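Please treat every number below as a calculation from the coordinates, not as lab data. Note that this is a predicted model, so its numbers are computed, not measured. Every residue, glycine among them, receives a Cβ derived from its backbone with ideal geometry; neighbour counts consider all protein chains shown.
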Amino acid sequence: MNTLTSTWRRGPLASRWVRAGLVFAVLYALPYSTLRIPGVFDGPLDAPGVLQLLAVCLVFAGLAMSYDLLFGHTGVMSFGHGMFVTGGMYATTILVDHAGFGLWTSAAIGLAVALAAAVVLGAVALRVEGIGFAMVTLAFGQAVAILVVSGSPQLTGGEQGETLDAGAVPAVLSGVRNTANLYWIALAYLAVCALVVWGLAASMPGRVMRALRENERRVEVLGLNPYLFKLLAFVVAGVLAAGGGVVYLLLLGGATPTVSDSNFTLSLLVMAVLGGTGRRWGAMIGGVLYGYAGQSLTRVSGSSAVAGLPGVLRGPLEQPLFLLGAAFVLVVFFAPGGLTGRFGGRMRREEA
Amino acid sequence: MLELEDVRVRLGGSAILHGVSFTVAAAGVTALLGRNGVGKTTTAKSVLGLYPATGSIRLDGRELIGLPTHAVARLGIGYVPEDRGVFAGLTVAENLRLAEPREQPKAGYPRVYELFPVLEARAAQPAGTLSGGEQQMLAIGRILLRRNRLLVVDEPTKGLSPKVAAEVARALKEVAETVPVLLIEQNLSVVRTLAGQAVVLDTGRVAHRGATRDLLADPARTNALLGVSTARADPVRADTARADARGGTA
Amino acid sequence: MTTVLLLTATGLGVAALYFLVASGLTLIFGLMDVLNFAHGAFVGLGGYVGWTVADRLPGSPGLVLGLLAGVAAGAATAAVTELAVIRPLYGRPLDQVLATVGLGLAIPALLQAVWGADARTWTLPGWLAGTVGLFGARIPSVRFLLIGLAMALLLGLRLLLGRTRAGLVVRAGVEDREMVTALGIDVRRANLAVFALGGAAAGLGGALFGLYQGSVSPGDGTSLLVYAFVVVVLGGAGSITGTALAAVAVGLVQQYADYASASLGDESVVILLAAVLLLRRRNLRGRPA
Amino acid sequence: AGCASPTGGGAASNAASTGSSVKIGIITAESGPYAPYGEEYLAGLKAGLSYLSNGTDVIDGHKVQLVIDDDADSPATAVADAKDLIGQGVDMIGGTVDSAIALQVAAVAAQNKVLYIAGPAAVDSLDGLNRYTFRSGRESYQDIATAGTFVGDLTGKKVVVLAQDSEFGTANVAGVKAVLGGQGASVSSVLVPLSATDFTPFTAKILAAKPDLLFVAWAGTNATQMWTTLNQQGVLSATKVVTGLANTATYPATGPAGSKIEFLAHYFPGAGGGNAYEAAMTKTVTESGGTVDLFTPDGFTAMQMFAHALEASPTDVSAMIKALEGWSFAGVEGQYTVRAADHALLQPEFEAKLTGSGTSWIPQLVKAVDPNTIAPPVPATPAWSTSGS
Amino acid sequence: MELRTAEARGTVPARDVRPALALAGLGWRVGGRTVLDEVTLEVGPGELLAVIGPNGAGKTSLFNLISGLTRPSGGRILVHGRDVTALPAHRRVRAGLGRTFQTSSVLPGLTVAENAQLAAQAALSGPYGSLKPWGWIGPKARATAADALARTRLDADAARRAGSLSHGGKRKLELAILLAGQGARPESAAAGQVLLLDEPMAGMAVEEVPELTALIREIHAGGATILMVEHHMEVVLGLAERIAVLHHGALLACDVPEAITENAVVREAYLGEPL
Ligand SMILES: Nc1ncnc2c1ncn2[C@@H]1O[C@H](COP(=O)(O)OP(=O)(O)OP(=O)(O)O)[C@@H](O)[C@H]1O
Ligand SMILES: Nc1ncnc2c1ncn2[C@@H]1O[C@H](COP(=O)(O)OP(=O)(O)OP(=O)(O)O)[C@@H](O)[C@H]1O
Ligand SMILES: [Mg+2]
Ligand SMILES: [Mg+2]
């Protein structure tokens, strides 16, 4: 592991951006590969099912990064991040299905709406701090969730969710044959998230945000207004999340209320912590792993291997959520400070 | 008495103490001196078991290294950390209550309140809102409640007005008659008044051991070890020193 | 009139329920600063264990033993959690959160694996199953039991925390672990005690939730967790009395709002939360939220 | 690792049906809250297969292979599974309990022109959704219509619907308004917030409304408490109460209220009157250590429909659709008909009552309701032009 | 009168006679106690005023009010004649106020260098300049920061986490942060600054004291106005042009050092023993 990480950080791969570029290049090429990884994917990498799964992982990675911008980089814990994902997802769907706008127009409007919402909600919620802020955002998030489920079912489809009018989806994105295109869209989204978050972290505001995480009073007497920087983080994170909502919508072919559930935001928190908060790769890796686990554990739990076990063992192991939960606990013990914290060797907290 | 033998400490991957050895006499004050960052606090904390140390630290022959901190403290070591370590969210009274000894918990209060009346006046106030000096008083008063076999005091007079500093010095001197005190201090006048023995650290090593009087009497030595010449005319310093001395002997 | 009475009485019943679940949470969160996402799981477990016992031997004795079993189960699980999961992670709050989230997922899944996904019906002894007539309002007897036990718990916890040093030690430990130990206090024991206490409260809450619903199902505890957090924050983390006040506020508001209109009922709690935090910028006890 | 075009996954297409072996993809909940329903469905499905193939799994010369994926009640997983199956070249997909998921999968199926026969999901809008989507279970409309047959003349009668403030709930309210309102009843509703912990406020409202008939459309978890409250507050004795009979495990949930309720049943063990199919299904299921329950027939019926489609063609989806549309066949519950216009599955439903007491209830058939009396209205315009074909 | 003494010392440029800092009847009540009571004080431009007083007299509270961390319950605060009483802390910095903390308040998770750079950059970029997502830590900021660290002898520790500094190290970093801010400002602005130093010498090694004293004198020579709380009488007498004495929240005296050391009450309440 160490030798690996050391070669990783020295030699031609020295530059951070070169490394990042390399990673994304590889991700870009995946759909061209017929490589089979038995036990990990139950098909070649270019199989639609696998690409779909990977695409979802990438979206989660992007969402996790957006959350970590708030949580890891600025030290602001929000329990309502999911509402922006919901916003992007539902605004787009409703505009397409009920207002007859084109997909991309709707998405653009959706993002604009999210931006406005983020500014307003952030401005209000940031009046309180710490757990107070977390709970205010939770309240907003819950309000949105309730609105989605029982607000006006004819628009949102309530707990059924609202399928995106297939006619509005461009041909290149519909149909299993085109899953690769969806994958690339997801990848593009992740790239945008990475650029924004990394760029921000490397810039002055990012530095100030990290300073806020450490000691708000000190930042204030340096002549910087903490409120503004938190708001900046909140808004950027919110818009990124909304974008993720749109991409997720494309992957699913419909809007689903699960993203509005407070548990979804919690899962974003988990992804960030899983990978290591406030780190360059942390949230991204966490998101990918969480996304993979969330979708693949059903395969483990349903596998014949498990079915063969004696009842005592089989019972729990047939529950994917049990596996997921157990996995978290194990990660905590074997990878303190998140996976990047453990295996990243001396990879330090994001320091531009 | 306390014996340190070849104590080594590593923090954040770098060696901080490279084999520190000295003993704290059974009674009286032993001063631990040195420039900023040489390892004074680290030494103190490793005695308390707050930093993982190798080597040997013995209190009256009992090995302390390896004991959990609370066990070390239960042996009767009272500690005043340099950052005061008051519990900001708890009231002054609660802070004191935490330090009460199991038997006769209230016994120590009169003495503490006599020394620091302000603690009594501020009893119901969150310790975090105390002034810097008041917090320092709380940190000191807290351990004076307990029945100690050894005091480890890290820069007790820091942030105290000259008057209170003198009172604290006096109190320590009084305590030191029965209990050995390991005193980390930057205020040389206080050192001069209190400390019989002095140990000087330099980047994690013991640079000097011996009687304080001899050390401070030798300008060259002090200059080399502490970077100051005590010879330098220094009225205020001298005066407060005298003040302390008088207070001490009074 | 009777409607108002009925709503108030049942509203207090809901409040009692919320308090039972929230009290343990506020202990652990307020005193130890651990956001315990496994608390709902403790509640659920308490419910199932309680149900199992009560189901074996019906009638009042079964009920009593069931409640006790729930408490025991909650306390035990919490204690084990503290020892095995929380304790090694002190000073690493994020890892603690992750671990408790993990337990919060795993334990209910485990419950489902053992007892199945379908709700198990908890048949109450006759004297509890009925209602009590009060000025024409038929108030379910269970509610009185809940309110009674909630009050008992409130008093008990207040005494315990007021009289004992444990609470103090734990609070100090959150601020500066090193210093507490440097005063010769073994903060770990106090932490274990508080965690177990919180777990016991959760277990009781779980068992009573089972009675309240007349059934137990794997998702039970977690479904209440959000409300519990709301109540805790409104009440001021660590303040038992505040939590009780908040629970009553939430319970009544929700009950009346539900009667007014479904959509209002749904939003009422979150509106209350946001309003209190934003307008007063303080929780109900006047402490900074 | 070789290289291929990013659409290479399609290369596997139809591979599934070569060697005269046919893969049928099944997506349903095997874990999570809906797991019990999923298991019922799967049991019926397998029973159907072994019945139709006399235990050989070979139907019309094709070895049928069930590829079962757990959707864990998550749309994301379900869609991924669907794409995965289609990528493997599967041309027939079935299953799922959760309407939300059924709608998502149906969309994917249509995009990729594969046959989809939805499972127990009850949402009406599956009808006429697209020409690739069929269903093997009943729909909310049929449930409601069944309830309508319980009370004689409805004109001037007061009907109150108790439901959760959700899509399912409001859809049921709308349904009742349409069906029973159409028969002259004045329909109002009492909606329960999803977050409600206590039901007393709503019983108060119901009592205030003084209904002749209370229709309870409940999908919430805490059914026990709901019934207990209705009973304690005297609603059950004040009015005639109708609700759907869920799976056997939930019978005790009605508590002492059980005997005071009139149940409309999609199915319960014995409802079929022991016809050949029911007997066969029950036999295989019990032999393999399971028990027949609410949704077991949905699985069995699904397999009947798959088999019929298969006989038409193992690969040509249009042929399958053509074969299924308008097909009428005998099954577990009685006579089924796949309505060509919108793929609604016309089927009988049942009126039942619970006898017994406390925790042990036994359902008893009051009467079977004829498929046509409860058939949902035929869409005025054909649900789809030959779009997508 | 204060002003004249200041002018007499020639520290006040004749053209600007407005006091750099003026406190008018400043009061602060909290928890039912009057911590500060009607404090009225004027500090001339470029003056160095020491504030002494017993522990708990209200010195830090006074600094907190001036720098805007707490709101006064009465009175006004003027910086260069501008009323800043209603401004939040960060706006007052723009108006020319800087401070250090009695209990070190550095950014533990950032490196020592980053701490200083942040201060420099904050001083460089305008009110919202540092909000620009494309704004970077400029070379000038890095340079001034490096210089500040060198002057506080922290350059060796530049790459370390500030949290891992020794106590004295942190105290020095407090000063370095202030220096960086000063260095980043244009001469005139730096001269216009009013700096509040809360016990800069506390916990400082004896050898450092003379150097840091020199450092403060240097900053002062740059034209900045300085208020300094310090219990280290040697330093106070060495630096201060005037000494203000706080006692029980009230201004007991404010005069030249010689006068103060003669003041009986001061000796009684503060020094403890006759000098
Ligand atoms: N957690 C840590 N990680 C790394 N290095 C540390 C850590 N804590 C202290 N150090 C370093 O160890 C050395 C000794 O620190 P210590 O606090 O013992 O110094 P000191 O003699 O008490 O100085 P001062 O007089 O300023 O208090 C210093 O160089 C300090 O930077
Ligand atoms: N929030 C508060 N509530 C109650 N009393 C407070 C509060 N803040 C400060 N005080 C009191 O105000 C007094 C002044 O505090 P301050 O910190 O200004 O003293 P100081 O002059 O700086 O003393 P020192 O020299 O010890 O730093 C202290 O007695 C303190 O207890
Ligand atoms: Mg030190
Ligand atoms: Mg002070």
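Scoring B:75-87, E:134-146, A:276-288 by mean Cβ neighbours within 10 Å over their residues and listing the highest first yields A:276-288, B:75-87, E:134-146.
Selection among E:L165, E:A184, E:L196 by position relative to the dipole of the range E:138-201 gives E:L165 as farthest towards the positive end (Cβ unit charges, Cα centre).
Relative to the longest principal axis of the Cα atoms of chain E, the long axis of helix E:167-184 lies at roughly 80 degrees. Across every direction, the projection of the convex hull enclosing the Cα atoms of the range C:2-280 has a mean area of 15.4 nm².
A Stokes-Einstein calculation at 10 °C with viscosity 1.306 mPa s, built on the Kirkwood radius of the range E:118-247 over Cα pairs, returns a diffusion coefficient of 101 µm²/s.
Against chain C, whose longest principal axis comes from its Cα atoms, helix C:187-213 is set at around 10 degrees. The amide H of B:D202, built 1.01 Å from its N in the peptide plane, has B:A207 as neighbours under 5 Å, considering only residues 5 or more places off or on other chains. Over all directions, the projected convex hull of the C-alpha atoms in the range A:13-343 averages 18.3 nm² in area.
Assuming a viscosity of 0.890 mPa s and a temperature of 25 °C, what translational diffusion coefficient in µm² per second does Stokes-Einstein assign to the range A:36-86, Rh being the Kirkwood radius over Cα pairs? Please report the intermediate quantities before stating the final value.
Values: Rh = 12.8 Å.
Value of D from the Cα-based Kirkwood radius: 191 µm²/s.
Would you kindly calculate the translational diffusion coefficient of the range B:18-146, applying Stokes-Einstein with the Kirkwood radius from alpha carbon pairs, for 25 °C and a viscosity of 0.890 mPa s, and quote it in µm² s⁻¹ without decimals?
Rounded to a whole number, D works out at 152 µm²/s.
The alpha carbon convex hull volume per residue for the range C:37-164 rounds to 151 Å³. In the protein assembly as shown, the DSSP-assigned H stretches of four residues or longer account for a calculated mean residue ellipticity at 222 nm of -16000 deg cm²/dmol, using -39500 (n - 2.57) per stretch and the full residue count as denominator.
When the charge dipole of the protein assembly as shown is built from unit charges on Cβ atoms (+1 for Lys and Arg, -1 for Asp and Glu) and taken about the Cα centre, the candidate among C:A75, D:F134, D:T170 whose Cα reaches farthest toward its positive end is C:A75. In degrees from 0 to 90, rounded to the nearest 10, what is the angle of the helix C:262-275 Cα long axis to the longest principal axis of chain C? With both axes taken from Cα atoms, the answer is about 30 degrees. Within the shell of other residues whose beta carbon sits under 11 angstrom from the beta carbon of B:R149, the net charge comes to +3, with Lys and Arg scored +1 and Asp and Glu -1.
For the protein assembly as shown, the spherically averaged projection of the C-alpha convex hull amounts to 58.7 nm².
Rounded to the nearest whole Hz, the Karplus-based 3J(HN,Hα) values (6.51 cos²θ - 1.76 cosθ + 1.60, θ = phi - 60°) of the range A:305-311 follow the sequence 4, 5, 4, x, 5, x, x, with x at glycine and proline. The phi torsions of the range A:144-153, fed into the Karplus equation with coefficients 6.51, -1.76 and 1.60 and a -60° offset, translate into couplings of 4, 4, 5, 4, 5, 7, 10, x, 9, x Hz, rounded to whole numbers, with Gly and Pro shown as x.
The string of couplings for the range A:204-210 from the Karplus curve (6.51, -1.76, 1.60, θ = phi - 60°) is 4, x, x, 4, 4, 4, 5 Hz, one whole number per residue in order, with x for Gly and Pro. For D:I24, nonlocal amide neighbours, meaning residues 5 or more places apart or on other chains whose placed amide H falls under 5 Å from its own, are D:Q65, D:L66, D:V67. When the Cα atoms of chain E are aligned to their principal axes, the ranges along those axes come out at 55, 43, 39 Å in descending order. Applying a length cut-off of 24 Å (Cα extent along the axis) and a mean Kyte-Doolittle floor of -0.5 to the DSSP H helices of chain D leaves D:35-52, D:296-312.
Sorted into 5 angstrom bins from 0, the C-alpha pair distances of the range E:42-143 split as 2, 10, 17, 19, 20, 15, 11, 5, 1, 0 percent.
What is the mean number of Cβ atoms from other protein chains located within 10 Å of the Cβ atom of each residue in peptide C:85-94, rounded to a whole number?
Values: counts 3, 0, 0, 3, 3, 0, 0, 4, 1, 13.
Neighbouring Cβ atoms belonging to other protein chains average 3 per residue here.
Count Lys and Arg as plus one, Asp and Glu as minus one, and take only other residues whose Cβ is under 10 Å from that of D:V123; the net charge is then -4.
Under a model in which nothing but the beta-carbon of Lys, Arg (+1) and Asp, Glu (-1) is charged, the protein assembly as shown shows a dipole of about 3720 debye around its Cα centre. Neighbouring Cβ atoms from other chains, within 10 Å of the Cβ of residues in A:28-34, number 4 on average.
Summing charges over all other residues whose Cβ lies under 14 Å from the Cβ of C:P88, with Lys and Arg as +1 and Asp and Glu as -1, gives +2.
Annotation: amide H of D:V241 within the under-5 Å range of D:L214, D:E262, sequence separation 5 or more or interchain, hydrogens built in the peptide plane.
About the Cα centre of chain A, what is the dipole size in debye to 20, counting +1 per Lys and Arg Cβ and -1 per Asp and Glu Cβ, all else neutral?
Working: 21 positive and 15 negative charges, 293 e Å.
For this selection, approximately 1400 debye.
Taking 7 Å steps out from each Cα toward its Cβ at B:R147 and E:A189 produces label points 6.3 nm apart.
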